[in-house]
Amino acid sequence: MLQRVAASARALDPRLKMGAALVLGPLLWAMHPLAVGSWGAVLLPVVWALSLAQPLGRKMIFSLFGFVVFWCGMKFLLDAMTGLPIGTVVADSLLLGVRLSALLLLGLSLALSTSARSLGLAVSWALRPFLGRERAWKVALSLALMVHFLPLCLSTMNQVKQTLSVRCPDCGFFRKMVLIPQAVLRALGQKTWNQTLAVACRGLENGDAWQPDFAWNRQDTVAVVVVSFALVLSSL
């Protein structure tokens, strides 16, 4: 079942997925909390299914929610210091957690279901009438690299945590908070150089490599109708 969900998500047209993410992302901050929770409940199994193909897929999702818990805790402490009623502070913190979780799940589902180059081709297709061919492919390449780094950052952080727990099991919390960011930034710096070489080796640094070659099918049409109806319904 999960494999079929993941395969269906990957098979959708990247233009459709990118457009849905661009529309739904801002709306998640304005929708009713129940609508936001419903979108999160839909996106979570999709992301879970897509993450199974990643080496550290499940840990990636747990790290994602750890990030949400951290910021919810920060909001709780800061609001509590202002003297607001405890009920209001708890409700606002939970609402931030729901909205932030749904937004991160949306971004992660887009990154895991669509290759970086496919997203870049979709961006190039959308921007070419406005920016021209030369500028459009440069924006597409930049966005493709940025999207590619979202799951890469999460997986790198999980690898660093796992390595640190094996090599230094007695390391304290505050020591970890110093070592983990340093190691992650160093690893990402090396991966950035690797990505630069990969782009050059595959010939992606010129406009000819970013010519859109999409094929719209019946599944994409059904998805457009379903997503549009869900967006209208959740915005009411």
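Assuming charge only on the beta carbon of Lys and Arg (+1) and of Asp and Glu (-1), the dipole of the chain about its Cα centre is about 480 debye to the nearest 20. With 0.36 nm allotted per residue and the present C-alpha distance subtracted, the Leu22-Ala198 stretch has 60.6 nm of extension available. Mean sequence separation of contacting Cα pairs (under 8 Å, at least six apart), scaled by the length of the chain, corresponds to a relative contact order of 27 percent. Here region 1-148 exposes an accessible surface that is 73 percent carbon and sulfur, computed with a 1.4 Å probe and the other protein chains kept in place. For the chain, Cys72, Cys153, Cys201 stand unpaired, since no other cysteine beta carbon lies under 4.7 Å from theirs.
Close amide H pairs (under 5 Å, H built 1.01 Å from N) link Leu52 with no residue at least 5 positions away or on another chain. Note that the chain presents 59 Å² accessible area per residue, ligands and nucleic acids not counted, probe 1.4 Å.
Taking θ as phi - 60° and the Karplus parameters 6.51, -1.76 and 1.60, the scalar couplings of region 34-39 work out to 5, 5, 5, x, 5, 5 Hz in sequence order, x denoting glycine and proline.
To the nearest µm²/s, what D does Stokes-Einstein give for the chain at 37 °C and 0.692 mPa s, using the Kirkwood radius over alpha carbon pairs as Rh? Here the translational diffusion coefficient equals 165 µm²/s.
Based on Cα atoms of region 120-205, Rg over Rh with Rh as the Kirkwood radius reads 1.18. Net charge in the neighbourhood of Leu96 (other residues with Cβ under 13 Å of its Cβ; Lys, Arg +1, Asp, Glu -1) is 0. For region 222-236, 3J(HN,Hα) computed residue by residue from phi via the Karplus equation (6.51, -1.76, 1.60; θ = phi - 60°) reads 4, 5, 4, 5, 5, 5, 4, 5, 5, 5, 5, 5, 6, 8, 6 Hz, glycine and proline entered as x.
The values are calculated or read from the model by the stated rules, or taken from the named source; none is laboratory data. Just so you know, these numbers come straight off a predicted model, no measurement behind them. Positions of Cβ are backbone-derived with ideal geometry, glycine not excepted, and every protein chain shown enters the neighbour counts. For accessibility, only protein heavy atoms count, side chains too; no ligands or nucleic acids. Shrake-Rupley method; radii C 1.70, N 1.55, O 1.52, S 1.80 Å.
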